[in-house]
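Trainee: A single structure is presented below for examination.
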Amino acid sequence: MPAKIDTSDPGLRRAIEEPALQSSWGVPPGRMTKLTSFAEVDEVFKSKDFAQAGNGHGDSAVIYGHSLISLSGDDHFERRKLESVLFRKESLLKYEGVLEASLDRALERAVADRSADGVVRADLVKLLPSVVLRVSTTLIGLDDLEDRARLDTLQGLVRKIGDGAGALYSLTDHAENIREGREAREQFITEYFAPAWERRAALVAAHDRGELPESELPVDLVTLMIRNKDHFKKWDEVVYVTEAILYIVASSGNPTSRAMDAMANLQGWLEDHPEDWSQVEDPEFLRQALTESLRLKMGVPFQVRRALRDTVLKSTGRRIAEGDFVALEHGLASRDPEVYGSDGAVYDLHRKPMSFGFAFGGGPHTCNGKGLSIGEPNARGDAPLGILVRIIGRLFAAGVKLDPAAAPRRRSDTIRNEWDTFPVLLEKL
Amino acid sequence: MTDSPAQSVRVDAGLCQSTGYCARIAPTVFHVPEGGPAEVIDDHPAAELADALREAEDACPAAAIRVTAAAR
């Protein structure tokens, strides 16, 4: 039997317990309230009495400031509305096509590196991010990434930028994280973003002169920003880069680590429920497996919000003073026994109804990559399946199993829930 | 409003995050009461609202809105 791994969250509460980490977000002593129940977390996520105060604020303001994730109120509404075209069905299908082609190439490389004993081995931490990066670069509109070395360089930059943007959750020197993130951002601008911008600006100019039809313009973030400068002009011009960085970082470490968790959780389930192997090619079964895994394994252990006015939570009567912060422990809330029963912390594919809890956050900041990640329930015909569903499907079709000789290892430098290594066997390749 | 509706609209209350974005875009079709979820107050809106409805469907952070062509 292949080894099982521990997919719990050891030590992740540290960030909320340590005043030093709180102070880096600008939280005065005693002004942070932890919320762990489903009802309170749900209420605050949806409430207009609270504003975003985590991502794009405090430590992460340097890199994420004024990006979609940092905004509240009218600014958030306008930005979200503007960018929603990038997540329409036709765009999602395009991204899924890019993903499949990229997966083909990644699996071909794994086969080419077959071990001397005839087994195909791979580290999913190396294999999956480059695959998903091809999707995010398509969404953003970055070019010339067929060159493997150029793609690898970008992957390294994204990790450093992500560590800077995620300094909020870092267990190492935040200032150093941010310094390295900013350095990487400069290289990203010069080598990737600026050429893409110039190319698309020329296309938009040609369109505006009547020389290029609308249908010839790319549908991507960079083009969209060039065509909607009226929205972005209220911020410093760095907002254009910041917005691209948000999407490229958000789609790198977290989704790929969640795919790895889902793979491990499903493998464990199938060992205990071998009768379900017959469903492993069914996208809806895979979606359910992902949904249950996402509920139990989230990218970060908490989100931060700040009260805009003195507030009494309707769900519990708890009072939050204007200006105070709340840490929404959405991971714990997504296991709340009041909602999920006494076995809410157990991975159970027989759970009814299945729910991903707060895996995609909630309220206006519900992740706009949700549909891109997991599609829709009971997707039929040409409906998008979701890139995580497709990844898990391809891995199980390739005979994926945890490598019994090399256990996965978590990143130890951040409380973000990400893997450092995730060695697997691909026994059917 | 016309007499021949061209589309039908529904909101999945289980998914709705009560942002009110739909009501800002198409106030004659959606209403979000205090605490939500969103309600459809005109479930067979007129054809000229098609663009606004698609915008509301796209902009909904929870992907809780479905607009479909209605049987004529």
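The values are calculated or read from the model by the stated rules, or taken from the named source; none is laboratory data. Everything numeric in this text was worked out from a predicted model, so none of it was measured. Don't worry about glycine lacking a Cβ; one is built from the backbone with ideal geometry, like all the others, and counts go over all protein chains shown. Ligands, DNA and RNA are excluded from the accessible area calculation, which covers all protein heavy atoms including side chains. Shrake-Rupley method; radii C 1.70, N 1.55, O 1.52, S 1.80 Å.
Trainee: Hey, how many Å between the Cα centroid of the stretch A:223-256 and the Cα centroid of the stretch A:87-155?
Mentor: 22 Å
Trainee: To the nearest 0.05, how large is the calculated FRET efficiency for A:Glu216 and A:Lys352 if R₀ is 56 Å and r is the Cβ-Cβ distance?
Mentor: Given R0 = 56 Å and the Cβ-Cβ separation, E is 0.70.
Trainee: I'd like the FRET efficiency for A:Thr172 and A:Glu281, computed as 1/(1 + (r/R0)^6) with the beta carbon distance as r and R0 of 56 Å, rounded to 0.05.
Mentor: Details: r = 42 Å, r/R0 = 0.75.
Once the sixth-power term is evaluated, E becomes 0.85.
Trainee: For A:Thr33, what residues show an amide H to amide H distance below 5 Å, using hydrogens built from the backbone and excluding near sequence neighbours?
Mentor: A:Phe325, A:Val326, A:Ala327
Trainee: Also, I was wondering about something else. Divide the volume of the convex hull of the Cα atoms of the stretch A:224-312 by its number of residues and quote the answer in cubic angstrom per residue. Could you put the intermediate results ahead of the total?
Mentor: On the way: hull volume 17.0 nm³, N = 89.
Output value, Cα hull per residue: 191 Å³.
Trainee: So who's got an amide H within less than 5 Å of the one on A:Gly369, skipping anything under 5 residues away but keeping other chains? H placed 1.01 Å off N, in plane.
Mentor: Long-range HN contacts for A:Gly369: none found.
Trainee: So, one more: Whole-Hz ³J(HN,Hα) for each residue in the stretch A:213-228, computed from phi via Karplus 6.51 cos²θ - 1.76 cosθ + 1.60 with θ = phi - 60°, x for glycine and proline: what do you get?
Mentor: x, 3, 5, 8, 7, x, 9, 8, 5, 4, 4, 4, 5, 4, 7, 10
Trainee: Residues of the stretch B:47-63 losing 50 Å² or more of accessible surface, assembly versus chain alone, probe 1.4 Å, please list them.
Mentor: B:Arg54, B:Asp58, B:Pro61
Trainee: Continuing with this model, one more query. Could you check the spin-label model distance between A:Asp143 and A:Ser412? Points 7 Å from the Cα along Cα→Cβ, value in nm.
Mentor: Output for this residue pair reads 4.4 nm.
Trainee: Can you list the residues, at least 5 places off or on another chain, whose amide H is less than 5 Å from the amide H of A:Val304, using H built in the peptide plane?
Mentor: A:Ala53, A:Gly54, A:Asn55, A:Leu328
Trainee: Here's another thing I want to ask about it. For the pair A and B, how large is the buried accessible area, both sides, in square angstrom to the nearest 100, if the probe is 1.4 Å? Show your work: numbers first, answer last.
Mentor: Working: alone 18690 and 4460 Å², together 21580 Å².
Buried: approximately 1600 Å² between B and A.
Trainee: So if R0 is 41 Å, what FRET efficiency would B:Arg66 and A:Ser115 give, r being the distance between their Cβ atoms, rounded to the nearest 0.05?
Mentor: Numbers: r = 49 Å, r/R0 = 1.18.
After rounding to 0.05, the efficiency reads 0.25.
Trainee: Separate question: Can you work out the Karplus-derived ³J(HN,Hα) for every residue in the stretch B:28-37? Use 6.51 cos²θ - 1.76 cosθ + 1.60 with θ = phi - 60°, whole Hz, and x for glycine or proline.
Mentor: These are the phi-based 3J(HN,Hα) values: 7, 10, 10, 9, 10, x, 3, x, x, x Hz.
Trainee: I would also like to ask the following. Could you order B:Asp42, A:Asp382 by accessible surface area, starting with the largest, using a probe radius of 1.4 Å?
Mentor: Values: B:Asp42 25, A:Asp382 95 Å².
Sorted by accessible area, descending: A:Asp382, B:Asp42.
Trainee: Considering only DSSP beta bridges with both partners in chain A, what is the antiparallel share in %, to the nearest 5? Each step should come with its number before you reach the end.
Mentor: Working: 18 of 22 bridges.
Looking only at bridges with both residues in chain A, the antiparallel portion is about 80 percent.
Trainee: Helix B:50-59: angle to the longest alpha-carbon principal axis of chain B, degrees 0 to 90, nearest 10?
Mentor: Approximately 20 degrees, to the nearest 10.
Trainee: Okay, moving on. At what distance in nm do the modelled label points of A:Ala397 and A:Lys428 sit from each other, each positioned 7 Å from its Cα along Cα→Cβ?
Mentor: Those two pseudo-labels are separated by 0.8 nm.
Trainee: When chain A is modelled as a GNM with alpha-carbon springs shorter than 10 Å, which of A:Ala167, A:Ala359, A:Ala397 fluctuates the most?
Mentor: Taking springs between Cα atoms under 10 Å, the residue moving most is A:Ala397.
Trainee: In addition: Can you give me the % of accessible surface on the stretch A:51-178 that is carbon or sulfur? Probe 1.4 Å, all protein chains present, nothing else counted.
Mentor: Ligands and nucleic acids excluded, carbon and sulfur give 53 percent.
Trainee: Label the stretch A:68-198 by shape, choosing from rounded, prolate and oblate, from the square roots a ≥ b ≥ c of the eigenvalues of the Cα gyration tensor; if a/c is under 1.5 it is rounded, and otherwise prolate applies when a/b is larger than b/c, oblate when it is not. Could the numbers behind the result be given before it?
Mentor: Working: a/c = 1.93, a/b = 1.32, b/c = 1.46.
Note, shape of the stretch A:68-198 comes out oblate.
Trainee: Moving on. If you take the square roots of the eigenvalues of the alpha-carbon gyration tensor of the stretch A:302-429 and sort them as a ≥ b ≥ c, do you get rounded (a/c under 1.5), prolate (a/b over b/c) or oblate?
Mentor: prolate
Trainee: When the accessible area of each residue in the stretch A:35-49 is compared between its chain alone and the complete protein assembly (1.4 Å probe; ligands, DNA and RNA ignored), which residues differ by at least 30 Å², being lower in the assembly?
Mentor: Residues losing area: A:Lys46, A:Lys48.
Trainee: Now a separate question. Counting GluC sites (Glu not before Pro) as exposed when in a DSSP loop with at most 16 other beta carbons within 10 Å, what is the longest stretch of chain A free of them? Spell out each step's value before the answer.
Mentor: Details: sites that count: A:Glu146, A:Glu211, A:Glu237, A:Glu281, A:Glu322, A:Glu427.
Value returned for the longest uninterrupted segment is A:1-145.
Trainee: Let me know the shape class of the protein assembly as shown, please: from the alpha-carbon gyration tensor, a ≥ b ≥ c as square roots of the eigenvalues, rounded when a/c is under 1.5, otherwise prolate if a/b is greater than b/c, or oblate.
Mentor: Working: a/c = 1.22, a/b = 1.13, b/c = 1.08.
In terms of gyration-tensor shape, rounded.
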